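The values are calculated or read from the model by the stated rules, or taken from the named source; none is laboratory data. Small disclaimer: the values here were computed from a predicted structure and weren't measured. Backbone-built Cβ (ideal geometry, glycine too); neighbour counts: all protein chains shown. With ligands, DNA and RNA removed, areas are computed over all heavy atoms of the protein, side chains included. Shrake-Rupley method; radii C 1.70, N 1.55, O 1.52, S 1.80 Å.
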Amino acid sequence: MMKQIFGKLPRKPSKSSQHEPNGDALNGNSFFNSSLGPNSLNSSKPGSAFKFSNSGSRLNGGTVNSHSSSSANSNQGKKTDPLASQAGLMLVSGIYEALPGFRDVPSTEKQSLFLKKLNMCCVVFDFGDPTKNLREKDIKKQTLLELVDYISSVTSKFNELAVQEMTRMVAANLFRTFPSPNHDNKLLEMYDLEDEEPAMDPAWPHLQIVYELLLRFVVSPETDAKLAKRYMDHSFVLKLLDLFDSDDHRERDYLKTILHRIYGKFMVHRPFIRKAINNIFYRFIFETEKHNGIAELLEILGSIINGFALPLKEEHKLFLVRALIPLHKPKCASTYHQQLSYCITQFVEKDYKLADTVIRGLLKYWPVINSSKEVMFVGELEEVLEATQAAEFQRCQVPLFRQIGRCLNSSHFQVAERALFLWNNDHIRNLIIQNRSVILPIIFPALERNTNGHWNLAVQSFTLNVRKIFTDVDHVLFDECLSRFQEDELKEKEMQERRELTWKHLEDVASSTTAASNEAVLVSRFVSSIAIATATATSPTPKAMVGS
């Protein structure tokens, strides 16, 4: 009798029910927009190892921390009762045990099992110690593999709760801060990080499956873009972009593919993605000059640029001028130059009028003492010139061939050879021949100096071939340039002789002055030749040039 009376009395709520959510994970603010973020953790009760709540947990060194529960978008307001009842199907706190497979449950329960498995995979283990939680890690890996198979074979649309739980699980596992201080300027001054071995994340066997799961979820025809964009929002995209700085090239490859698919599926996010990539480039160019994912981001942009509609928007042209062209400046440009060159060429092929802008931009950032980088620049220049029309070529031909002339006379034989190979391209050779009256006088001195005095025999041979092209096309112009060059050489030789005579005269005057006064006289060798010539013309004894 007493038991029946006490059984009817209301019970006092337990402490655990006061601190843990009751399964309604859809009420509240967006998970990614919350101030806590995906990795914000609340302390859990001691002794709760291998336990987790329905809002996800992070297990580190045998202790569990539960994520703060929140929904995936603050703009959606309150959810309907059916969704709230579905939330009650999510996994509640319990021992970390494997759940039954999808084949072992009826079709009506597969959606509920899908949510439970997602919730189960929100637990993140510590992979720094390979001896910890081996059984639990294996259970999670098998669960992730089952989820990949399920997403690949599902034939019904994912509802809102499934999309929310998927993005929450992805955030719990992928979004993290890299321990390496890649952007510390003081560290960069101490040693070159490019010489260091890339750090491979020990958790990659699990991360790879999560990435594969996210990729298949994004490309799945059962994922509604209008629904998914609420959860894969701008904050989600920014966190994905932050991961491009990973040292592990395998992770960057997955990110490249996933971001490209997101760009293709969520049209509303396209301007934001382009702007966010721009900001990464700006920080890399003007602040850090250190980022591991520039090549992968440029690969994505190469595909995006290829799909630009004509005429090009002013936004895209500004991106070319303000971001792509300055990317030639950093010292580590060789690590992504191939992808950068492709993007630049795509712009010129889309709008040939941009050729002049691109070529002048290359000349602005042309390397001075880095020969290997100079070889890359000449190679990129050839690709741009191949897509350049005659009108744009004429606008920039004078500064362009002044630089090419300097390359022809480079003491680094690869630079000289690469510049001479421009004449092997039919389109470029035709442009040069059409404008030979302007170009040949500019580069003729460089050709003659190579023929007469370059140390590399291959460079001399290639130079002779280029001279023959001009001789066969316009022998009269070639002879005029040769005559002018010989006159200039003679004048230069006479100037050099006068300079030597002037110095000799100065030395004689200094010696006679010293003998007469027994005082030391300093004759500066840094006096300009113009000043010496002027003094020589005005006075046979340039006393102004002699100092004591």
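Miscellaneous remarks
- A Cβ-based charge dipole, computed about the Cα centre of region 354-506 with Lys and Arg at +1 and Asp and Glu at -1, lands at about 440 debye.
- Label sites at N435 and L490, each approximated as a point 7 angstrom past Cα along Cα to Cβ, lie 3.2 nm apart.
- Computed packing ranks the peptides 499-506, 399-406 as 399-406, 499-506, most packed first, by mean other Cβ atoms within 10 Å.
- Summarising the amide proton neighbourhood of V124: residues at separation of 5 or more, or on other chains, whose placed amide H is nearer than 5 Å comprise S57, R58, L59.
- Residue-by-residue Karplus 3J(HN,Hα) for region 162-178, coefficients 6.51, -1.76, 1.60, Hz, glycine and proline x: 5, 5, 4, 5, 5, 5, 5, 5, 4, 4, 5, 8, 9, 6, 8, 9, 6
- Near the amide H of D224, within less than 5 Å, lie the amide hydrogens of F158, all on another chain or at least 5 residues away, with H placed in the peptide plane.
- Using the 1.4 Å probe convention, the accessible area of region 354-506 works out to 50 Å² per residue with neighbouring protein chains retained.
- On region 452-502, 55 percent of the accessible area sits on carbon and sulfur atoms, based on a 1.4 Å probe.
- Where Y342, Y231, Y150 fall by accessible area, highest first, once all protein chains stay in place (1.4 Å): Y342, Y150, Y231
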